[in-house]
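J.: My questions all concern the structure below.
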Amino acid sequence: MRAWWAVRAWLEALIFRRREDEALDEEVAFHLEMETRKLMARGMDPAEARRRARIRFGGEDRMKERAREARGSEWLPDLVRDLRLGGRFLRRTPAFTLTTFLTLALGIGATTAMFTLVDTVLIRPLPYAESHQLVDVREVGEDGSALLASYANFSDWRARSGSFSGLAAVVPPRPATLLVGATGVRASLTQVSADFFDVAGVRPLAGRVLDAGDHASGAPVVAVVSHAFWSGPLGAPTDLDGVVVSDGRTPVPVVGVMPPSFDLPQGAEVWISLDREVPWNVRGNHVVEVVGRMVAGADPASASTDLTRVHEGLGATYPDVETVAVRVEGLKSRLVSSTARPLALLLAASGVLLLVACANAGGAFLARGVARRAELAVRTSLGAGRGRLLRQLTAETALLGGAAAVGGLVVARGILAAVRGLVGAGVPRLAEVGLDLRVALVGAGVGLATGLVFGMAPALRLTAGEGATLLRTGARGGDAPGMRRLWRGLLVAEVALSLVLLAGAGLLARSMGAIADRELGYRPEGVVTARFHLPQGRYEGYEAVAAGLERFVAELEADPRIDDAGVGLMLPVAGGGDIAGPVGRDGGERTEALLSYRVADPGWFETLEIPLVAGRLFGPDDGSEGDHVAVVDESMARLLWPGQDPVGRRFEPGGMDPWPDRSLTVVGVVGDVRSWDEEWGGRPTYYVSSRQRPAFLSFFGGELVVRGRSPGAAAGALRETIRRLDPAMPVTVRTLDERLARSVGQRRLAATVFGAFAGLALLLASVGIYGLVSWTAGRRRREMGVRVALGASPRAVRVGLQGEVLGAVAAGATLGLLLALVLGRALGSLLFGVGAADPVALAGAAACLVGAAWAASWLPARKSASTDPATVLRLE
Amino acid sequence: MGEGVGGLLQGTLDLLVLRVLSIEPMHGWGIGERIAQRSHEVLQVNQGSLYPALQRLRRQGWIRAEWRRSEHNRRARYYSLTPAGERRLEAEMGAWRRSSRAVDQVLGWGEGPREVGA
C-alpha cells in the first residue's frame, strides 16, 4: 500500500511535473489568502495583511525548489540541463575535449576489439549441437608429438571403442578447380567418411547430407556444398535438382547445402565421400583428421584412455602401427589452443592501455577542473550544494564517456578489420568475429566505468572543502588540497603501466628478431613458390605425373627470368604433416626417433640453396627402374651412422612410404634445414626423389619453387608457365618470405598489436606529462617570474620544473620494471630466444619512456622558464 | 535546520505533521496553524519547510493528497494519512517519547535531592 502511494506520488510528480508545479502555486496562493484573511480578522487593513502574509511566508522560489527536490521529480530535467551545460563547457575547451575523447576512444576501442576477439574465438561455444561432446582425435608418436590418424587405424577405433556415439574421418581441405557450367571455380574440397554429418549434428539448410548410399564403395560422387559456395559460385539456386559441379571428367550432382555457420573442417566448401574410394590403407599414412562425438558422460580424458587401450591392441596385432597412444581433445580447445594465450594476453594489454587512457583523462579533467575552480567556488557560494556540483561534473564526464564509447566502437571496428587483414586465416573462427549487441553493450559498459573512474576522483577532489576555501584558493589559483598528490599518483600509474606494455612489446619484438636471425640452413630471400594440386584426370599414372612435373621444371628453367627451379613437397614452413616415422638401418632394427620425410628433385636443393655436404643430389639415372635412392641431412647421418660416411649406406623408409620395406640407398648428404616454428624444427630429415615417388605429389600436390633475379618477375614467369602448360591446375603463388611470415602469423599478430598498444601508451603518457608540466608551470608562473627576476637562470627554473615531473616518472618506471619482470613470464611460449627478464628489452623500454618523458616535459618547462619575468609579474 | 523556534530537529516537523493529520485531513496552511495553536504559538512552522516536508512525506507514501472544498468554499489541497502513515506515526511517537524522556532525565540531573557538598 505504502509503496503504491509513494510510487503514485513520484510518477505524478514526474509525469505531471507542470501540473504539480501548478498545484503548488495554488497551494501557496491559498496559503497566502488564508493568512491574509487571518490577519484581517485581527483588524489589519487588507494591503498590510497581504504584505505581512507574504513576508511571513518567506522565499517562495527557494521553497518551491526544495519542494520539487523533495518530490524527486527533478532528476530528469536536471539531467537534461546538466548535460546541456556540460556540452557547452566541453565545446568551450575543444583541445581538452578532443584530446580526452580520442584518448578514451582509443582505450575503449582497443579493449572492445580485443574482447570481441576473445569472446568469439575462446568463449562462445562452437555453433554445433551439444558441441562440448565434439572432440578431435590424434595419434601420438613415441616422442609425444601428435599426428593425423591413418585411415586404417581410424576404422579400427570406430569398430572397437565404446566412448563415442560417432567417429568420422576427414581429409583436410585442399584447393580444387571445379567447373560450374563452363567456368572454372576454385573451391576448398574435403573428403569425409560416413557419419561425419551425424557427428557434427548439423542438418543441411537445403537438400540432404551424404548418406550410406553415397559412401558405398564405387558409388557415384555427389557433393554437399557450403552456404557461401551455394550463394556465390552456384548463384543460390532455390532448387538443387540438376545443379552439378564438375571435376573435369564427370558431373557431380550437388545434393545439399550446409548452413552458413557450418565450418568443419575449417574452410571447407565442398564435401564429398571419402569411403567410396579409400585411397591408401597403410597404417603409417597419417592423412586424416578424426572428429568424434562422445557418448554422454564421457570426457576427453576417459575417451583418450579408452582409445589408447584399443590402439595398443592394434599395435599388438599389426606390426606397422608405429604410434603409441591416442589423444582426444575437445574440438573447440583443439581449434583455439594455440590462439588462447596470445589473445588473452592482447586482451590484458588492451586493458592496460585503457587504464593508461583513464589515468590520462583523469589528469586532464583534474587540470581543467583546477582552471574552473574559481567558477565552482562562485557557484558554491551562490548556494549550489556539493551534490549539485558533483552531478554537474559527472554529467560532463558521462557525456564525454558516452561519446568516447561510441568512438570506441568505431575504433574497435577498425582494429578488428586490421587484425583480420593481418592474420588472414591464421586465427581460427575469425570469420565469425563481428561487432554485435553484446559487444556494443560491453563497450558502453567500459565507457561508463571509464567515465566514472576518470571523472569521479577529480570531481570529488575538486569539490572538497568549504565554499569559502574554494573561493579563496580558486580565485588565487592555488592548488586544492591533495590535488598534486592525486595527479602525481595518476602519472606514476600511467608511466608504470606504459612501461609494462613497452617491455612486453620489446620482448616480442626481440623474439621476432631472434626468429628472423635464426640460421635456417637455406636462403628464402627471392624464392617464389607455387603450391599446386594436380587436376584429377589430367595425368594418368604416376609415370605421367613424374614426366609432367619434370616438364614444368624444365620449362621454368628455360625461362630467362628464372635462374633455378625445382619441385618437391613440404617446404620448411610450419604446418606440414611430414612425419615419416622410424626408419630401419641397413635392414636392421628400426630407430626410435621419428623423422621428417620430404620429396624433392635436384632443383629443389639448388633453388633453396640447401648446401650439398657429401655425395651427390638425385641424378638422371635415378629413375623408376634403378635403385631407389635418398638424400639425407646431416642430423640423420649423425643419428644413423655416427662417425661414418653415410653415402652408399641403405635404410628402409617405413611409415608413409609406398614401399616401406624396400631399402633406399643414400647418395648424398645435405645441410640441415630448420623451420621457424620450433615444433617442426630440428627433426632429422631425408629426401626421396620426385621421380621415384611421384605418387605423393599426385595425391598431396606439391610445391614448385623458383629463384630469379627479381621475385616479381619470377612470380610472373611461374604463373605464365603454369597457365601455358596446364591452365586447370590450381596454384597459389607466393614468395617464400611471405609464407614464412604467415607461419609466424600469430606471433607477429601478438607482436604487432602489442607494439601498437605500447606505442599508444607511450604517446598517452607523453601527452599526460606534457599536460602536467604545462599545468604546473602555469600555476607557478608567478613564482618562476620572481625567481628569474631575482637572478635565477632560466635553465635552473626549467630544470626545477622538469625535475619534479621526472621524479614521478622515475618512480613510475621503477614500478613498471618490477611489474614487467613479474608479468613478462606470462608471455611464455610467445617468446623466442629471449628470456622474460631480457635486459635489452627492459632497459630499452625504460630508456624509451624516460626519453619521451624528458622531451614532453622539456617543451613546456622551457617555454615557462624563458618568459620575460616583467611580463609575468605585471600580469599577476 | 534552523526553522521555527528553537530550531526543530530534523524529523520533528514530519512527526508533527503526521500527528496533525491523524486528527483529520487538513491543508498546508491549516497544518501550520494547528501546530502553532497546540503549542501555544511556541512552534512556528516555517512555510518554506512545510511544503517540501509535505512533498517528502507524500513521496514516502505516508500521506496522500486530494483537492477538496475548504471552509470558505475554495479549492484546497487536503492531506490525509495513509495506513502506512498511521503506523509510521505510532512508531515515531514511541521513539520521540523515549528520547524526550531520556533528554528530560539528563536535563533534570541534580534537581532531585541535592548532593552533599554540591
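The values are calculated or read from the model by the stated rules, or taken from the named source; none is laboratory data. Fair warning: this is a prediction, and the values are worked out from it, not measured in the lab. Glycine gets a Cβ as well: all are built from the backbone with ideal geometry, and neighbour counts include every protein chain shown.
J.: Mind telling me which of the residues A:V528, A:V553 ends up being part of a strand (DSSP E or B) and either surrounded by fewer than 20 Cβ atoms within 10 Å (Cβ to Cβ) or touching a residue at least 60 places away in the same chain (Cβ under 8 Å) (or both)?
T.: So the residue among A:V528, A:V553 that is part of a strand (DSSP E or B) and either surrounded by fewer than 20 Cβ atoms within 10 Å (Cβ to Cβ) or touching a residue at least 60 places away in the same chain (Cβ under 8 Å) (or both) is A:V528.
J.: In this structure, is A:D247 of a type in the set (D, E, K, R) and without any contact (Cβ under 8 Å) to a residue 60 or more places away in the chain? Walk me through it before giving the result.
T.: Numbers: of a type in the set (D, E, K, R): yes; without any contact (Cβ under 8 Å) to a residue 60 or more places away in the chain: no.
No: the conditions fail for A:D247.
J.: Being at pLDDT 85 or above and within 52 Å of the chain's Cα centre (by Cα): is that true of A:L98 here?
T.: yes
J.: For the range A:1-29: of the residues being β-branched (V, I, T) and surrounded by fewer than 15 Cβ atoms within 10 Å (Cβ to Cβ), which is modelled with the lowest pLDDT?
T.: Per the criteria, the residue is A:I15.
J.: Moving on to the next point. From the list A:A761, A:A796, A:A777, A:A751, which residue is aliphatic (A, V, I, L, M) and modelled with pLDDT under 80?
T.: A:A777
J.: May I ask you to say which residue of A:V245, A:V221 is in a strand (DSSP E or B) and touching a strand residue (DSSP E or B) at 6+ places or on another chain (Cβ under 7 Å)?
T.: A:V245
J.: So, one more: Being in contact with a Leu (Cβ under 6 Å, 6 or more places away or on another chain) and more than 13 Å from chain A (Cβ to nearest Cβ), is that true of even one residue in the range B:109-118?
T.: no
J.: Inside the range B:63-90, can you point out the residues that are facing chain A (nearest Cβ under 7 Å) and in contact with a Ser or Thr (Cβ under 9 Å, 6 or more places away or on another chain)?
T.: The answer is B:R64, B:A76.
J.: Name the single residue, out of those in the range A:174-191 being under 18 Å from A:R276 (Cβ atoms) and not small (G, A, S), that is modelled with the lowest pLDDT.
T.: A:R174
J.: I've got another one for you. Looking only at the range A:597-643, how many residues end up being at positive phi, part of a loop (DSSP other than H, G, I, E, B) and touching a residue at least 40 places away in the same chain (Cβ under 8 Å)?
T.: Total satisfying the criteria: 1.
J.: Let me ask you something else. For the range A:58-93, name all the residues that are over 21 Å from A:L376 (Cα atoms) and either at pLDDT 80 or above or within 42 Å of the chain's Cα centre (by Cα) (or both).
T.: A:L76
J.: If you don't mind, another one. Mind checking which helices (runs of 4 or more DSSP H) fall wholly inside the range A:50-129 and carry at least 2 residues that are of a type in the set (A, V, I, L, M, F, W, C) and surrounded by fewer than 19 Cβ atoms within 10 Å (Cβ to Cβ)?
T.: Once the helices (runs of 4 or more DSSP H) in the range A:50-129 are filtered for at least 2 residues that are of a type in the set (A, V, I, L, M, F, W, C) and surrounded by fewer than 19 Cβ atoms within 10 Å (Cβ to Cβ), what remains is A:75-92, A:94-118.
J.: If you go through the range A:712-733 one residue at a time, how many are crowded, with 18+ Cβ neighbours inside 10 Å and polar (S, T, N, Q)?
T.: Total satisfying the criteria: 1.
J.: Quick one: which of B:R77, B:R59, B:R101 is at pLDDT 85 or above and either in a helix (DSSP H, G or I) or surrounded by fewer than 16 Cβ atoms within 10 Å (Cβ to Cβ) (or both)? Can you show your working first?
T.: Numbers: B:R77 fails: either in a helix (DSSP H, G or I) or surrounded by fewer than 16 Cβ atoms within 10 Å (Cβ to Cβ) (or both); B:R59 fails: at pLDDT 85 or above.
One residue alone meets the criteria, B:R101.
J.: Please count how many residues of the range B:1-31 are modelled with pLDDT of 85 or more and in a helix (DSSP H, G or I).
T.: Summing the residues that are modelled with pLDDT of 85 or more and in a helix (DSSP H, G or I) in the range B:1-31 gives 15.
J.: Additional query: Go through (1) free of Cβ contacts under 8 Å to residues at least 12 places away in the same chain; (2) over 16 Å from the mean Cα position of the chain (by Cα) and name the single condition B:R97 misses.
T.: Failing condition for B:R97: (2).
J.: Okay, moving on. Over 17 Å from A:W604 (Cβ atoms) and at pLDDT below 80: which single residue out of A:R518, A:R488 fits that description?
T.: A:R518
J.: Here's a follow-up. Would you point out the residue of the range B:32-48, among those that are crowded, with 21+ Cβ neighbours inside 10 Å and part of a helix (DSSP H, G or I), that is farthest from the other protein chains (Cβ to nearest Cβ)?
T.: Ranking the candidates gives B:I35 first.
J.: Next question. For the range A:116-163, give me each residue that is within 23 Å of A:R276 (Cβ to Cβ) and without any contact (Cβ under 8 Å) to a residue 60 or more places away in the chain.
T.: Passing the criteria: A:S155, A:R158, A:A159.
For every residue, the table says whether it meets (1) farther than 16 Å from A:A403 by Cα; (2) within 14 Å of chain B (Cβ to nearest Cβ).
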residue: A:R52; (1), (2): yes, yes
residue: A:L83; (1), (2): no, no
residue: A:G87; (1), (2): no, no
residue: A:L122; (1), (2): yes, no
residue: A:V140; (1), (2): yes, no
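J.: Here's a follow-up. How many of the residues making up the range A:15-49 are part of a helix (DSSP H, G or I), within 13 Å of another protein chain (Cβ to nearest Cβ) and under 30 Å from B:R56 (Cβ atoms)? Don't jump to the end; show me each part of the working.
T.: First pass over the range A:15-49, keeping only residues part of a helix (DSSP H, G or I): A:15, A:17-41, A:46-49.
Those left that are additionally within 13 Å of another protein chain (Cβ to nearest Cβ): A:17, A:19-41.
Of the ones still in play, those that are also under 30 Å from B:R56 (Cβ atoms) are A:17, A:19-39.
Qualifying residue count, the range A:15-49: 22.
J.: Which of the following residues is at pLDDT 85 or above and of a type in the set (S, T, Y): A:T339, A:T308?
T.: A:T308
J.: Something else now. Testing A:A113 on (1) under 42 Å from the mean Cα position of the chain (by Cα); (2) modelled with pLDDT under 85; (3) of a type in the set (A, V, I, L, M, F, W, C); (4) over 29 Å from A:L393 (Cβ atoms), one condition comes back false. Which one is that?
T.: Answer for A:A113: the failing condition is (2).
J.: Quick check, is B:Q55 facing chain A (nearest Cβ under 9 Å) and within 17 Å of A:D25 (Cβ to Cβ)?
T.: Criteria met by B:Q55.
J.: So, one more: What number goes with the only condition from (1) touching a Leu at 6+ places or on another chain (Cβ under 9 Å); (2) surrounded by fewer than 22 Cβ atoms within 10 Å (Cβ to Cβ) that A:P237 does not pass?
T.: The single condition A:P237 does not satisfy is (1).
J.: Output the residues belonging to the range A:162-172 that are in contact with a strand residue (DSSP E or B) (Cβ under 9 Å, 6 or more places away or on another chain) and surrounded by fewer than 19 Cβ atoms within 10 Å (Cβ to Cβ). Steps first, please.
T.: Just the residues of the range A:162-172 that are in contact with a strand residue (DSSP E or B) (Cβ under 9 Å, 6 or more places away or on another chain), to begin with: A:163-172.
Correct list: A:S165, A:P172.
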